[in-house]
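This report refers to the structure that appears directly beneath it.
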Amino acid sequence: MKRPLMIFALVAGLAALAACGKLDVNKTGLVKISDHVYAMIAAGPTAVEGLGANSGFVVGRDGVLVIDTRYTPTLANELLEAIRSVTKAPVKYVVNTHYHPDHSWGNMVFKAQGAVIMARPETRAALEKYSPAYLDFYRLRSKDTYEMLKDIKIVPPDTTVADNEKIDLGGVTVVIRCLGPAHTAGDCVVVIPKGKVAFVGGLVSNGYHPNLGDPGADFDNWIKTLDRLAEMRISYIVPGQGKVCGKEMLESEKNYITRIRNKCEQDIRQMIPMEQAAKTIVIPGAEGYLQPNLLPFNVQSVYRREIPRIVRPDFALDLPADFQIMDGGGDSKLGFIRWDAAAETASLEIDTQWKPTSGREVIVQDIADVVKRYVETGIREMDTAGSKRIDIGGEKAVAQYGTWKYKKDAGLSGSGTWTWAFVIRGGKLYAIRLSTEGGVDAREERLNMDSLEKVASTFRLTPRAS
């Protein structure tokens with residue numbers, strides 16, 4: 001029974017390749033996939049080309065549905081011109097597969113055409129929350145890009161969609177699938193059953209590094225979603241970036257996510273610093289992918305997301321909402337976690353390390369020895385001003401304090417203050433390092449350190465999840 005099944009699979013695969021061949025899968029620009037379905041494949045990864053983001057449209061007797069609206073008004077108008085080269089039917093609907101700017105900032109052009117913009121509620125929320133920050137980033141860091149974006153009006157979706165929602169365009173039906181958070185919290189997929197086509201947004205990239213760094217990403221469900229897409233009756237996939245492809249790219253995407261997570265988990269357990277891991281990690285098969293700057297970004301994103309699960313610390317701190325995990329490693333017996341909060345004028349950092357100890361008391365010399373080793377192996381010079389006691393979870397713990405600055409050969413500039421305290425709890429030594437950095441006056445520096453010491457005072461042991 002196995003041989004006929006293998007022959008059938010081979011024939012089916014060859015047929016799919018032949019069909020893709022008719023489409024000229026190496027083509028960019030406007031690609032006709034079927035009598036009703038068209039993809040607009042980005043020419044490349046630059047900002048002028050739309051950061052590689054694809055879009056498309058479906059044409060029925062009664063109207064047109066657009067999938068994603070591109071990055072700039074110019075690119076959105078190019079898409080509108082492509083639609084008009086095919087049909088005079090009104091553009092009735094837009095579906096944003098997710099909120100990222102390269103897929104949604106052209107909404108204003110199609111809103112002006114009278115289209116109803118549809119997306120998940122999570123997409124609307126994220127578009128409104130993050131777009132101003134994106135625009136500020138470009139304004140401050142990339143003037144050429146901002147010049148293309150300065151006239152953008154952020155247009156959020158008009159209405160929300162649910163899984164398996166159907167839209168009849170007249171002679172062709174579009175099905176919107178919402179399979180849960182994956183690439184972002186509000187992903188949706190646009191399926192055209194008549195042509196066996198799926199526009200999958202950022203769930204799949206073809207020849208580009210995917211973006212694993214969105215705050216709403218869910219790696220486990222991303223993989224499950226790719227499996228569910230593989231089960232659908234789909235012949236052609238329009239990826240978020242890259243050329244039209246078949247289901248083979250679903251497995252490639254899974255392999256990328258799985259490999260980077262596995263390698264990051266291995267490095268976290270070995271306490272390899274995140275920056276070092278980001279420079280050394282290699283994803284087999286992705287060596288020639290476009291937007292290679294996303295690889296170290298993805299490593300950092302996976303590190304930050306996975307550290308709590310892997311390290312499983314047995315303590316907690318009441319950290320303000322703006323503190324984020326920046327690095328960490330080891331396990332619940334021996335390890336560390338570092339959090340950072342970047343304000344407008346200062347950076348605040350908390351680093352907690354732990355290891356087994358048979359000791360019962362901490363003395364100032366213990367801290368001095370650790371500070372000395374930190375200076376010898378790190379990029380900071382640290383001057384000790386004195387010692388004191390600070391509140392660590394209700395205990396007046398021994399601490400040292402002083403000032404720091406970057407070493408001359410570090411290639412960095414900056415300075416600040418530090419406080420380092422030790423406590424022993426449950427047979428482990430916990431070292432809590434507090435650090436401020438920023439161009440602030442002495443009074444504000446003291447206030448920043450006071451706020452860090454207040455956070456340190458909330459330290460407490462917690463039952464560790466099994």
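FYI, it's all coordinate maths here, none of it is from the lab. Keep in mind that this is a model prediction, so the values were computed, not measured. Positions of Cβ are generated from backbone atoms using ideal geometry, with glycine treated the same way; all protein chains shown enter the neighbour counts.
Summing charges over all other residues whose Cβ lies under 14 Å from the Cβ of G414, with Lys and Arg as +1 and Asp and Glu as -1, gives -1. Label sites at T458 and R269, each approximated as a point 7 angstrom past Cα along Cα to Cβ, lie 3.2 nm apart. What angle do you read, to the nearest 10 degrees and between 0 and 90, between the alpha-carbon axis of helix 121-141 and the longest principal axis of the chain? The angle comes out at about 70 degrees. Spacing of the modelled spin labels on A316 and K372, each 7 Å from Cα toward Cβ, amounts to 3.9 nm. Taking the Cβ of K247 as the center, what net charge do the other residues with Cβ under 14 Å away carry, scoring Lys and Arg +1 and Asp and Glu -1? Neighbour charge sum, excluding K247 itself: -1. Taking amide H atoms as placed 1.01 Å from N in the peptide plane, the amide H of K194 lies under 5 Å from those of T173, each 5 or more residues away in sequence or on another chain. With the simple spin-label model, which puts each label point 7 Å out from Cα in the Cβ direction, the K88 to I363 separation comes to 9.3 nm. Only the Cβ atoms of Lys and Arg (+1) and of Asp and Glu (-1) were treated as charged; on that basis the dipole of the chain about its Cα centre amounts to roughly 1140 debye.
On the beta carbon distance between I154 and K388, with R0 = 56 Å, the FRET formula returns roughly 0.70. Treating r as the C-beta distance of R61 and K279 and R0 as 51 Å, the FRET efficiency rounds to 0.40.
Taking 0.36 nm per residue of sequence separation and removing the Cα-Cα distance, the K396/R141 pair yields an extension gain of 87.3 nm. Overall, segment 312-461 carries a charge dipole of about 580 debye about its Cα centre when +1 sits on the Cβ of Lys and Arg and -1 on the Cβ of Asp and Glu, all other atoms neutral.
Kindly flag which residue pairs out of K355/K408; K196/K224; K92/K129 have an alpha-carbon separation exceeding 29 Å in this structure. Check vs 29 Å cut-off fails for K355/K408. Footprinting exposure proxy ranking of L65, L429, L140, L212, fewest other C-beta atoms within 10 angstrom first, gives L140, L429, L212, L65. When only Cα pairs below 8 angstrom with a gap of at least 6 residues are kept, segment 22-259 shows a relative contact order of 18 percent. Backbone geometry of segment 109-120 corresponds, through the Karplus equation with coefficients 6.51, -1.76 and 1.60 at θ = phi - 60°, to 3J(HN,Hα) couplings of 5, 7, 5, 5, 7, x, 6, 8, 9, 10, 5, 6 Hz, x marking Gly and Pro.
Local charge for R139 was computed over the other residues whose Cβ lies under 14 Å away, with Lys and Arg +1 and Asp and Glu -1, and equals -1. Shown in residue order for segment 87-103 are the 3J(HN,Hα) couplings computed by the Karplus curve 6.51 cos²θ - 1.76 cosθ + 1.60 at θ = phi - 60°: 8, 9, 4, x, 7, 8, 9, 10, 10, 8, 5, 6, 8, 3, x, 5, 10 Hz (x for Gly and Pro). Going from the residue with the fewest nearby Cβ atoms within 10 Å to the one with the most, E265, E147 rank E147, E265.
Across the chain, the longest run free of exposed loop sites, meaning trypsin sites (Lys or Arg not before Pro) lying outside DSSP classes H, G, I, E and B with no more than 13 other Cβ atoms within 10 Å, spans 234-332.
Mind checking which of T377, S435, M249 is farthest towards the positive end of the chain's charge dipole, using Cβ charges of +1 (Lys, Arg) and -1 (Asp, Glu) about the Cα centre? Toward the positive end, the furthest listed residue is M249.
A Cβ-based charge dipole, computed about the Cα centre of segment 89-232 with Lys and Arg at +1 and Asp and Glu at -1, lands at about 320 debye.
The calculated Kirkwood hydrodynamic radius for segment 312-461 is 15.7 Å, given to one decimal from all distinct C-alpha pairs. From its DSSP helices (H runs of at least four residues, each -39,500 (n - 2.57)), the chain gives a residue-normalised ellipticity at 222 nm of -11000 deg cm²/dmol.
Once backbone amide H atoms are built at 1.01 Å from N, R120 has V161 as its partners under 5 Å, excluding neighbours fewer than 5 places away on the same chain. Against the longest alpha carbon principal axis of the chain, how many degrees, from 0 to 90 and to the nearest 10, is the axis of helix 364-377 turned? Approximately 40 degrees, to the nearest ten. Taking the longest Cα principal axis of the chain as reference, the axis of helix 73-84 is set at about 20 degrees. Only one residue of L452, L412, G330 has its Cα farthest out toward the positive end of the dipole of segment 312-461, where Lys and Arg carry +1 and Asp and Glu -1 on Cβ, and that residue is G330. Considering only V175, G207, V64, and ranking their Cα positions along the charge dipole of the chain that arises from unit charges at the beta-carbon of Lys, Arg, Asp and Glu, the one farthest toward the positive end is V175.
With θ taken as phi - 60° and the Karplus curve 6.51 cos²θ - 1.76 cosθ + 1.60 applied, the whole-hertz 3J(HN,Hα) list for segment 281-294 is 6, 10, 10, x, x, 10, 4, x, 5, 6, 6, x, 4, 6 Hz, x standing for glycine and proline.
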